[in-house]
Every structure is written in C-alpha cells, then in structure tokens.
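S.K.: Here it is, the structure in full.
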Amino acid sequence: MSVIELTTNRLKLRLFQEKEAEHIAALCNNYAIYRSTLTMPYLAIFLNKLYKNLQVSK
C-alpha cells in the first residue's frame, strides 16, 4: 500500500504509524496540547486502544 503525504514548506501531513503510538499517546496526555486540540479526545481513545493491542501482541 502506498503512503499518501501532503507536504508544504511548513507542514507535512501523513497517516500515523504504529511505531509512533506511544509518543503520540504521551502528547495526548499533555494538557497544554489537549486543551488546544478539539479532536484530541478521539485520537487519544484510538491510540490508547492501538497501544494496548501492541502490548498484548508482544
């Protein structure tokens, strides 16, 4: 499967990768980041489930 990326001079958008789950989950738990991001609760739930699945499969 090819990866789709949108890139500008200041921004790069792409899908999350499994190896980033732990780091992104930590960012989700940072209140300063959380309060300024409206969709973060949904992202946190998704990443929490992904992280738990990764822990079970190890």
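The values are calculated or read from the model by the stated rules, or taken from the named source; none is laboratory data. Treat the numbers as computed from the prediction; the structure is a model and nothing was measured.
S.K.: Can you tell me which residue is nearest to residue 15 (Cα to Cα) among those in the stretch 26-44 that are at pLDDT 75 or above, part of a helix (DSSP H, G or I) and more than 10 Å from the chain's Cα centre (by Cα)?
M.R.: 33
S.K.: Here are the criteria: (1) part of a helix (DSSP H, G or I); (2) at pLDDT below 85. Tell me which single one residue 21 does not satisfy.
M.R.: Tallying (1) part of a helix (DSSP H, G or I); (2) at pLDDT below 85, residue 21 fails exactly one: (2).
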